[in-house]
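A short worksheet on the structure shown next.
The values are calculated or read from the model by the stated rules, or taken from the named source; none is laboratory data. Quick caveat: nothing in here was measured; it's all calculated off a predicted structure. Here the Cβ positions follow ideal geometry from the backbone for every residue, glycine too, while neighbour counts run over all protein chains shown.
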Amino acid sequence: MLYRADRIARPNYWARPIGPQDLWSDDVSDSNYNHMVAAPYAFSHEKLRRSDPLYDLVLLTDWNWPNAVPGDGSAIFLHQWRRPGYPTEGCVAFRRDHLHWIAGRIALGTRLIIPEV
């Protein structure tokens, strides 16, 4: 679990603050693919410290992690949605208050089940 300490209170005792240099590598040719890395970073990556509130709180899943296989997909995060019905780029998005409710109760090893529609 990652969070913006400059924007929200620690959601759970084991949550890790997102720093200004924190990135997530999404480049399949990178040996750190699908792992947190720090800026500056030469490979393709996603900034974890965003100007919008979407990543103020991020719950990490173990999708293709920690032993990432290139081509099996990058991270699936649980994060705040933009608005109802707005798509993500492969993540699972929740209303802010629902995400915070989950974060306060989740434990390591909790399962995320997404039923087929």
Review point. Scanning for something assigned to a loop (DSSP other than H, G, I, E, B), within 14 Å of Met1 (Cβ to Cβ), hydroxyl-bearing (Ser, Thr, Tyr) and in contact with a Leu (Cβ under 8 Å, 6 or more places away or on another chain), does region 58-70 turn up at least one residue?
Key: yes
Practice item. Could you grab me the full set of residues in region 25-40 that are β-branched (Val, Ile, Thr) and out of contact with any His (no Cβ under 8 Å at 6 or more places or on another chain)? Key: Val28
Revision key, fill the gap. Of the residues in region 36-49, those that are surrounded by fewer than 17 Cβ atoms within 10 Å (Cβ to Cβ) and of a type outside the set (A, V, I, L, M, F, W, C) come to Pro40, Tyr41, Ser44, Glu46, Lys47
Practice item. Please state which of the following conditions Gly73 fails to meet, knowing it meets all the rest: (1) at pLDDT 95 or above; (2) under 16 Å from the mean Cα position of the chain (by Cα); (3) within 22 Å of Leu108 (Cα to Cα); (4) assigned to a loop (DSSP other than H, G, I, E, B). Key: (1)
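Tell me the residue from Ile18, Ile76 that is touching a Lys or Arg at 6+ places or on another chain (Cβ under 6 Å) and surrounded by 14 or more Cβ atoms within 10 Å (Cβ to Cβ), please. Show your work before the answer.
Details: Ile76 fails: touching a Lys or Arg at 6+ places or on another chain (Cβ under 6 Å).
Exactly one residue qualifies, and that residue is Ile18.
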**Study point:** Residues of region 50-64 satisfying the condition of being at pLDDT 95 or above and either more than 11 Å from the chain's Cα centre (by Cα) or over 26 Å from Asn12 (Cα atoms) (or both)
**Key:** Arg50, Ser51, Asp52, Pro53
Study note, to complete from the structure: The condition of being in a loop (DSSP other than H, G, I, E, B), touching a Ser or Thr at 6+ places or on another chain (Cβ under 8 Å) and either touching a residue at least 40 places away in the same chain (Cβ under 8 Å) or under 22 Å from Gly104 (Cβ atoms) (or both) holds, among Tyr41, Tyr33, Tyr13, only for Tyr33
Exercise for review: Tell me which of these Ser29 doesn't satisfy, since it passes every other one: (1) modelled with pLDDT under 95; (2) within 15 Å of the chain's Cα centre (by Cα); (3) of a type in the set (Ser, Thr, Tyr).
Suggested key: (2)
Check your understanding: What is the one condition in (1) under 14 Å from the mean Cα position of the chain (by Cα); (2) buried (at least 17 other Cβ atoms within 10 Å of the Cβ); (3) at negative phi that Ala68 does not satisfy?
Key -> (1)
Practice item. Output the number of the condition that Met36 fails; it satisfies all remaining conditions of (1) under 11 Å from the mean Cα position of the chain (by Cα); (2) more than 14 Å from His79 (Cα to Cα); (3) modelled with pLDDT under 95. Key: (3)
Revision key, fill the gap. In region 89-117, anything assigned to a loop (DSSP other than H, G, I, E, B), among the aliphatic types (A, V, I, L, M) and surrounded by 10 or more Cβ atoms within 10 Å (Cβ to Cβ) is listed as Ile106, Leu112
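Would you be able to say whether some residue in region 19-27 is assigned to a loop (DSSP other than H, G, I, E, B) and closer than 18 Å to Asn67 by Cα?
yes
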